[in-house]
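To keep things clear, I will list the structure first and then write my remarks on it.
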Amino acid sequence: MPSELREILLEIATNFQTERAKGSQTFENNPLLKNIREIPRRLKNFPMSEFIKIQASGGQGNWAYVPWIAFLDNRETSTPQKGVYVVYLFSMDNQHIYLTLAQGVTVPLSLMNRKKALEFLKLNAITLQKKLLSNFSTEPIQLGNSEMGENYASSVVFQKTYGVSTLPNNLELESDLTNMLKVYEQYVIGENFDTAQTDFSQAPGSVYENKMALRMHYARERNQSIVKKAKEARLAKDGKLDCEICGFNFNEKYGKLGSNYIEAHHKVPLNEIQGITETKIEDLALICSNCHRMIHIKYPAHSIEEIKAVLIKSGDNNARR
């Protein structure tokens, strides 16, 4: 059963600023705001992770400058005030809709002055752009001439821009949302963070202490430690770091530049493990970047065995049997 995604986006983009211009006296019992509050129910048929909760708002007590529809993973955050989440944002000129992976702005703004908060959000966005696998744009978005619009724009990590007058069909919109949620899943479970050679003394999130910042900092420290131990164990055993799937060796291909480089993959995705868990060496597979990307080319991810089978079927004699 198709969702109402296109209808919802078009309704807000076309009517919100017109309704907002009527003033605060139109806020209570406004039909458009009522429809916005109903969005979680209206999108209940859209397939997504059990951890995702939808929130939508056109304002609290008065009209917002920028309405939004947020998809929050409760393992990361339960509020759009902090953390990272997927969110639709609507430009104030009624011309554009942005599908984004963005950061909550309320908590940073409450803990530092606005200039520093926006710098922090932009720096964090750049760091995540380098760490996550995505084909979405990193170009800045333009929400309009308002302070809140600028705050939101500074928080964006990835985005896709739609023209309201050329809004794609529902199938394309749903596909884009699904793919953005996959990028979000990477962030939440830390699966595609390349931590082996990261300088954790400068980890984003250490500027201030809230739940999101501590979670992010802890996850990276843990991954760095266990990946290092896994690499050391492999080197002690084999004397080299071959990909466990295809046999590729960075040192043999790139010389000193690729010395002791390999990526780590959780054999059991972290989102399938209930509660807090300690990652052990045997929980990780050391694989090359290409195989890692192929594992995560879809959600849920392929298994290591599935990618091996593809290579063996193709006649790759280097595939690890």
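Side notes on the structure shown:
- Listed residue pairs exceeding 21 Å between alpha carbons, taken from K130/K253; K130/K237; K122/K160; K122/K298: K130/K253; K130/K237; K122/K298
- Proxy reagent accessibility, fewest Cβ within 10 Å first, across R114, R41, R6: R41, R114, R6
- This ranking places E4, E185 by how few other beta-carbon atoms lie within 10 Å of each, fewest first, which gives E4, E185.
- Where labels lie 7 Å past Cα in the beta-carbon direction, separation of M112 and N251 in nm: 4.0 nm
- Residues D93, D238, D283 in ascending order of nearby Cβ atoms (within 10 Å, fewest first): D238, D93, D283.
- Building the convex hull from the alpha-carbon atoms of the stretch 5-189 and averaging its projection over directions returns 10.1 nm².
- Loop-located chymotrypsin sites (Phe, Trp or Tyr not before Pro) in the stretch 145-190 (DSSP state other than H, G, I, E, B) with a sparse environment of at most 11 neighbouring Cβ atoms within 10 Å are absent.
- Volume per residue of the C-alpha convex hull in the stretch 83-167, rounded to whole Å³: 85 Å³
Read-outs throughout are calculated quantities, based only on the coordinates presented, and are distinct from any laboratory measurement. It should be emphasised that the depicted structure is a prediction, and the values quoted were computed from it without experimental measurement. Because the Cβ atoms are built from the backbone with ideal geometry, glycine has one as well, and the counts that use them run over all protein chains shown.
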